[in-house]
Structure formats: structure tokens, C-alpha cells
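The values are calculated or read from the model by the stated rules, or taken from the named source; none is laboratory data. Quick caveat: nothing in here was measured; it's all calculated off a predicted structure. As a convention, Cβ positions derive from the backbone with ideal geometry for all residues, glycine included, and neighbour counts pool all protein chains shown. Keep in mind that these areas ignore ligands, DNA and RNA; they rest on the heavy atoms of the full protein, side chains included. Shrake-Rupley method; radii C 1.70, N 1.55, O 1.52, S 1.80 Å.
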Amino acid sequence: MRDRATNLLRRALGDEAAFRDGQLEALESVVGRKERLLLVQRTGWGKSVVYFLATRMLRDEGHGPALLVSPLLSLMRDQERFADRLGVRAARIDSSNREEWDRVVAGLERNEIDLLLISPERLANAEFRQEVQPLLDPGIGLFIVDEAHCISDWGHDFRPDYRRMRSLLAALPRGIPVLATTATANERVVRDIAEQMGDGFATQRGELARASLRLQAIPLRDQAERLAWLAREVPRLEGSGIIYCITKRDCERVAAWLREHGVDVRAYHAGLDDEERVELERALLANRTKALVSTIALGMGFDKPDLRFVIHFQRPGSPVAYYQQVGRAGRGVDDALGVLLAGVEDEQIHTHFIRRAFPSAEDFAGVLAAIEDADEGLTRAGIQARVNVPFKRLEQVLKMLQIDGAIDRRQRRYVRTLQPWAADEERWELVRSRRVEELDRMGAFLRTDRCLMEFIGRELDDAHAHPCGRCANCVGPILSAKVDADTIVPAAEYLRHTELPIEPRRMWPSDSRRAVSGRIAAEERAREGRA
């Protein structure tokens, strides 16, 4: 098997390509022994190489297509491009390419697709379950769960639909290999993944330190100082990079500020349409922009080997999240920079998100009562008319109740099942307390005088963690923390006069009692507001 795998690797990546420590062992586990493996390896190690080669090798043996569950559209697009280089015919089914679903279904029927990429939310989609899943059920050759830390309640990007994995994996025949991959899992997260995914998983862990990364933490007093620092330092940095912000609003503000100072950057977040995000990704990949100012929407798995810097305008909520994001840089270059800025508001924002991580027990009770009282169930609009729960929180309540089997969705109506359900407030409170602890650990990262890479490694329970000899705490400041006083005043004025757009409603409320429905015509929409 070693020779076969090496030939495939070199055919795709060149005659000099060689496996990294652990890659062949992972392939032997999945392809040779058809095992279930949790692979914890550093960002940039090549986890995608393992599952794409495993797919190709299993397909050559006559097995069915692989199913890859992946959390982000940007990640899926990147994976699709890389799969082609390794001779794997990949296709996506997601919300952005509905017009291509028929082509993908036809390709599956003709056995012309080696790998199908889907988001975890697609597993809950009735259309997907009816049209696509029956084509996969008889003969999946490999089941892949990418960014598996999302399964964990402690993961930085908890996605409720990942909890469907447990029942899905339990239904898979034991002879079908499963590969779950992540770069960001400490022992607590590994244990939680194992609990969520069931018994029978082996774990392979490698060293998480990134030799190419130089880290520095620069606490600054407020946003004005950070804007002034960015205006001075970003134009001086080599290559292109990513500047992370917590909120969409801050992405837009930081991007606009840097453009005013002659830096070609663009904002990137989930509020943009798919075409615009694809174009922004292409611009960064081709170095046609200095940086994208992004939320975590451009986080997990985005692969640009020559990305030279990652700057955090605010601290992430945990060491797990920080390692995941800063690891976008330095994958294919010997020297890359990760700078963590921080301020008062980032802790306030994260604390707000932690408090609202789960809806209240009253929210759940109100929604369940409304659905139970309706003989034929209720649409989402019908529930909103009866229960005083904000739209986003209602979506979360419905999602969690569906995953727990307490409700089902039939022709856009939610109906109560016979499954008993009670709010698990003890678990929710435990998750919140863990996230507060992790936020505190990021505060400790800002204050530590120890090696920064070693600090992150130990937070991730890396047994190989040691001083890197390259970070600002090991060798002294890499970039100056001083801020030009002449720029702070204009930055403060800019923040004081920044307008926040209030987007007009684009769709009519979906209520069967209304005479109109669907998209609101452009000439009938309210004008954009300002705050």
C-alpha cells in the first residue's frame, strides 16, 4: 500500500513529494484496516491529503463514493479545488449551488462522483434526504467528518447539526471506514468528540507547533489605538493576510478605515452573498488584495499556502479558536506573522455570546406549547405570531428540538413528535462555564511572559509543546506596540461618526393568511436606514 499511496501523491504533487510523519499511518488505518480514526494534527499538516488519497485508493478498489461533512462554504470550495489535483472527482451540494443539484444527483447515479461534500445542516434537509441520501446509503466507501471539534460542545464553533453524527455513524455498517479530522482539540474536546461519535474510534495525535509562525500579543487601550496601529503596520507587512474581527460591523468599519488610508482590503463575512464571497476568496488567493477583514466565516480550512500574516483586531474566545485562525498563515512559507490585538470590548462581546449560547428554558417551553396546541402544526411565521421569541433565537430553538427528535418538519410545518423532551439546563450551564474559563485563558495568553507558541500548545494538551525561539516573548518585540498620536485622534473621530446601516426587509412574512408572499419588489421596499 505504501508504494501505491506514494505514486498517487507524486502524480498529484510532483516527483519530490513525500509523506509527512503520520500520514501513511493514517492511510493504513483507514484504507488498509477500514478503521474509525480521529486524526488530530496541526493546521497545514495535510489532513486533506489523507482523506483525498484515501478516497482515491478506496474508489480504485471498487468501493462507493466518499461523503465529506464540512462546516463552511469557503472550506468546501477550497477542498473541491484541491481534490481535483489529487485525481478525485468531487462535487458539492449546498445552499449556494441549488441549480447544480440535478447534475450532482445524475453524477452519483452514474457512479461518476468520487467525493460528495455537504454541510452538516444538509443532513437535516428534507430534499437532500429524499433525493440524494438514498443514492449514498447502499455504498458509501468512506465517511469523513472535517473540523470534527465542531461536534464538541466545547469546540469554538459549536454547530448543532454536527450532533446528528452520532445516529448517522451508529447506522453505518462497521466495515465502512470513518475519518474525523481536526487541528484544534485538547483532551477535553477529544473526550467529548468520542462521546458524541460513539465507541470504536482510535486517536492519532501529532505535534501542533507551527515552526513558520512568529506570534506576538499587543494589548492596546481601545479601538482607536488599534485602528491607528493597523493604519501604520499593515502597509509595511510583506505579502497578504487576514485581519479577524468578532462582528460583521467591525469587519466593515476596519476595512473602510484601512481603505481610507490607502490599504487595499475588503470585508468578508456571512452577511455577503455567495458570489461576492467567492470573488473575495479568489482575490486573496491571487494576492489581488492586501487582506480580507473577516469574521470566522473565513476560518477553518481556508488554504492559502503563502498567506504571510494573521492579525486579530479582537481576541478570540478560546485558545482553540485562536490556534485555528492564526494557523491560516505560514502553511507554505518559512516565515509568517500572527499578531493578537485586544481591547475592552472583546471580552464584553464574548460574554454576551456566552450568555446567549443557548435559548432559555422558557423559550423552549413556549415554542413547544405553541406547536402542541396546533392540530396540524405551525409554520415558523405561525410560531412567531404566538411566541415572543426573536427570529434568530427561534431558529436555534427549532434546530435543537429537531435534532433532539422532539419536533419534526413536514411541508414547512413543525409538528410535535412522541419523543419526551426536557431542557438540559445543567449541560448548558456547564458549557457556559467552560467558555468563560477559555475566555480567561486568552486573557492569560495576553499577559504571559512564557513562549506564546508553547502556551497555546499546552492549552491544546500537546505533549510536544516547547519554547519556539521565534515569538515576541522568546526573542523580543517583532512589531512595535507604539501608536502614532497623530493618527489616534482621526481614528476616534472616525469611530464616533461611523454610520450603521439598517437593512430594509427583503421578504414578505411567510404567512398563509397574507395576500402577498415571497420577495418584496425593489420599488416597494423601505429605504436603507441609519443609526
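General remarks:
- In the stretch 60-94, the residues that are open to solvent by 30 Å² or more (accessible area, probe 1.4 Å), assigned to a helix (DSSP H, G or I) and modelled with pLDDT of 80 or more: 60
- Contacts under 9 angstrom Cβ, first residue in the stretch 35-50 being farther than 13 Å from residue 24 by Cα, partner in a strand (DSSP E or B) and among the charged types (D, E, K, R), 6 or more apart: 38/205; 40/205; 41/205
- Within the stretch 230-243, if we keep just the residues that are open to solvent by 10 Å² or more (accessible area, probe 1.4 Å) and hydrophobic (A, V, I, L, M, F, W, C), the residue that is nearest to residue 335 (Cα to Cα) turns out to be 237.
- When 227, 213 are screened for being surrounded by 17 or more Cβ atoms within 10 Å (Cβ to Cβ), touching a residue at least 12 places away in the same chain (Cβ under 8 Å) and within 28 Å of residue 303 (Cβ to Cβ), only 213 passes.
- The stretch 446-461, subset of a type outside the set (Ser, Thr, Tyr) and farther than 23 Å from residue 152 by Cα, residue surrounded by the most Cβ atoms within 10 Å (Cβ to Cβ): 453
- Residue within the stretch 298-316 that is assigned to a loop (DSSP other than H, G, I, E, B), open to solvent by 30 Å² or more (accessible area, probe 1.4 Å) and in contact with a helix residue (DSSP H, G or I) (Cβ under 9 Å, 6 or more places away or on another chain) present: yes
- In the stretch 19-59, of all residues being among the hydroxyl-bearing types (Ser, Thr, Tyr), open to solvent by less than 10 Å² (accessible area, probe 1.4 Å) and part of a helix (DSSP H, G or I), the one that is nearest to residue 140 (Cα to Cα) corresponds to 55.
- Among the criteria (1) assigned to a helix (DSSP H, G or I); (2) without any contact (Cβ under 8 Å) to a residue 24 or more places away in the chain, the one residue 364 does not fulfil is (2).
- Single residue of the stretch 391-412 satisfying the filter (modelled with pLDDT under 90 and assigned to a loop (DSSP other than H, G, I, E, B)) that is least open to solvent (accessible area, probe 1.4 Å): 405
- Qualifying residue in the stretch 512-530 (condition: closer than 25 Å to residue 352 by Cβ, open to solvent by 70 Å² or more (accessible area, probe 1.4 Å) and either touching a residue at least 12 places away in the same chain (Cβ under 8 Å) or of a type in the set (Asp, Glu) (or both)): yes
- Helices (runs of 4 or more DSSP H) contained entirely in the stretch 119-237, each with at least 2 residues that are within 21 Å of the chain's Cα centre (by Cα) and either over 24 Å from residue 65 (Cβ atoms) or at pLDDT 90 or above (or both): 187-197
- Residues that are under 30 Å from residue 305 (Cβ atoms) and assigned to a loop (DSSP other than H, G, I, E, B), drawn from the stretch 325-361: 327, 328, 329, 330, 331, 332, 333, 334, 335
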